[in-house]
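To start, the structure itself, in structure tokens.
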Amino acid sequence: MRLVTDLRPHQVKPVERMLPTRVGGLFMDMGTGKTRTALEVIARRQRRIDRVVWFCPVSLKETIEGEVSKHCADVTVAVFNDKTTVRRLPDAFFVVVGLESMSLSRRVILAVNALVTDRTFVVVDESDKIKGFFAQRTKWLIEIGKRARFRMVLTGTPLSQGVTDLFAQMYFLSPKILGYTSWYAFERNHIEYSDRFPGMIRRVHNVEYLAAKVAPYVYQVTKEECLDLPEKLYETRYFGMTGDQQDAYQRAKWDTLFNILSYDNFDQLAIFRLFTALQAVASGYYTSNKDVWFTELLHHRRTSTLLSILEDIPAGEKVIIWGKFQKDMADIVRVLVENYGPEAVAQYHGRFNERRRNQELARFRRDARFLVGTPTAGGRGLTVVEAAYCVFYNNSFKYSERLQAEDRVHRIGQTRAVTYFDIVMRDSIDKKIMEALWAKGNVLSSFREEVSKVRHSKKSLKRLIMSL
């Protein structure tokens, strides 16, 4: 293995921090080059290892293969596919495996188990995906990873839901880091739960102790510390409800109230369903809880608002358009094709397999003007600095997911200020989502806290829901 690209100045210290230990974490902001940094550590360890098994989200497998090929020479790379088995193991120095497969595919788990030895370097990319200690993929990674000589975790959002996210990631590296042999011991010493609402974390104790224990094994890099990136610019475009949407919006809220009053059930899942239903109405369609097989299409102004934004962007500029729902993808692509032609539109979402997505991405970089995608498919791992304009047709409920999507264009290689447009329906759930994102929070968690204050009064709960 021979590296053919140089480290950037801000990547030197993380490498030096990782080398004295056999395990470690690179908590580097999106766009600061954590893959290249990890490859440097691996290159300096290569005489002591026979193979690197690199776990990442399935949607990033081809991206990681491309990154290794870009930075390394004299090295072989293989990607797990549907034909990989214990009897047909890839013969390569780098083996890339989808994280999701470690909970869904016994075939993949057995194959990975056969690959990992005491001379293996295991990397878990986007390690915030294994924050759930009792999740199947986390259990298998911990168990199989024990045999690996070297272990590393990479992520730009290590604490997307709080310091409790640290436990599984550090336990995968080594239980000795935090000093707890089980989640329950960690829980007893650091987590205080609400007396009124089982499972809700009220307070985390001894955070300074955790930080001190983790410090020797991780290196954190923020973009502000290391990169001279151009600034981010934000603009919000508003539109009003149509009559169709006003009617459906009220029906969605009354459906939720009916379920609460009838079954006295308003948990986190109910909040998620309510917010999703309201957001769907704001995007132009409605599916009633009473008839989940029928989706009512609503007259709306979101697509016309999108077109007005595109008219203000200089002609020829490439644009990324993020939408949340598959129905959004269809609406966006339809209006773009009608106004700009099919050759101008590339797509990157869950209805396309990996091969098709990579073909569409290549077409966007080559000659298409618009890339239409969902953050769940393209919000991680992609580098699309060809664009300096990004439109959020609608938004995720989580700030961490919004930040991931933003940083697909605001990363190493971007030379221009990036402008982000948000499309928001007035007097709707859109506004509440944006307020939570501006506060770097999670709108579902925020609303759950509001509910907890009034849930024993059905009258107050009704007032709260109807205010959305």
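The numbers here are math on the coordinates, done by the rules we state, and not lab data. Quantities reported herein were computed from a predicted structural model and do not represent experimental measurements. Using ideal geometry, Cβ is built from the backbone for each residue, glycine included, and neighbour counts are taken over all protein chains shown.
Per 0.36 nm of contour for each residue apart, how much would the distance between N189 and D118 grow if the chain were fully extended, relative to their Cα-Cα spacing?
Gain on stretching N189 to D118: 22.3 nm.
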- Item | Per-selection metrics, the stretch 40-159 (Cα): Rg and Dmax in Å | 13.3, 39
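Among I320, I177, rank each residue by its count of other Cβ atoms within 10 Å, from fewest to most, as a rough exposure measure.
The fewest-first ordering by Cβ neighbours comes to I177, I320.
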- Query: Normalised by the residues of the chain, what does the relative contact order come to in percent, with Cα pairs under 8 Å and at least six apart?
  - Reply: 15 percent
- Message: Once you keep just the Cα pairs under 8 angstrom separated by 6 or more residues, what percentage relative contact order results for the stretch 232-466?
- Response: 26 percent
- Query: Exposure proxy check: E62, E449 ranked by fewest other beta carbons within 10 Å?
  - Reply: E449, E62
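Quick check for me: using +1 on Lys/Arg Cβ and -1 on Asp/Glu Cβ, what's the dipole size of the chain about its Cα centre, in debye to the nearest 20? Write down the numbers at each step before the final one.
Values: 72 positive and 54 negative charges, 310 e Å.
Here the size comes out at about 1500 debye.
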- Task: Could you check what % of the DSSP bridge pairs in the chain are antiparallel, to the nearest 5?
- Result: 15 percent
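Mind sorting R351, R357, R88 by how few other Cβ atoms lie within 10 Å of their own Cβ, fewest first? Don't skip to the answer; put the middle values down first.
Numbers: R351 12, R357 22, R88 9.
Final ranking by Cβ density, sparse to dense: R88, R351, R357.
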- Query: Which label belongs to the value computed from this structure, given these candidates for Rg and Dmax of the Cα atoms in Å: [x] 25.4, 85; [y] 23.5, 69; [z] 23.6, 80?
  - Reply: [y]
- Run the dipole for the stretch 2-226 about the Cα centre, Lys and Arg Cβ at +1, Asp and Glu Cβ at -1, nothing else charged, and hand back the magnitude in debye, nearest 20. 740 debye
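Over the stretch 2-226, calculate the relative contact order: mean separation of alpha carbon pairs under 8 Å at least 6 apart, over the residue count, as a percent. Let's see the in-between values first.
On the way: 374 pairs, mean separation 57.2, N = 225.
Dividing the mean separation by the residue count of the stretch 2-226 yields 25 percent.
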- Can you list which of the trypsin sites (Lys or Arg not before Pro) found in the stretch 142-232 are DSSP loop residues with at most 15 other C-beta atoms within 10 Å? K146, R147, K176, R196
- Sum of -39500 (n - 2.57) over DSSP H runs of 4+, divided by residues of the chain (222 nm, nearest 500): -13000 deg cm²/dmol
- Label-zone membership for the stretch 188-217, site L464, 7 angstrom Cα→C-beta point, backbone N under 18 Å: 194-202
- Message: Quick check: pseudo-label points 7 Å beyond the Cα along Cα→Cβ at R363 and A92, how many nm apart are they?
- Response: 2.5 nm
- For K440 and Q326 in one chain, what is 0.36 nm times their gap in residues minus the Cα-Cα distance, to one decimal in nm? 38.5 nm
- Query: Between H205 and L257, what is the label-to-label distance in nm when each label sits 7 Å out along the Cα-to-Cβ direction?
  - Reply: 4.3 nm
- Query: Which stretch or stretches of the stretch 108-150 have amide N atoms under 19 Å from the point lying 7 Å from K83's Cα along the Cα→Cβ direction?
  - Reply: 108-109, 111-112
- Message: Loop only by DSSP, 16 or fewer other Cβ within 10 Å of the Cβ. Give me the trypsin sites (Lys or Arg not before Pro) in the stretch 370-417 that pass, ordered by residue number.
- Response: R416
- Using R₀ = 30 Å, calculate the FRET efficiency as 1/(1 + (r/R₀)^6) where r is the Cβ-Cβ separation of Y340 and D247; round to 0.05. 0.40
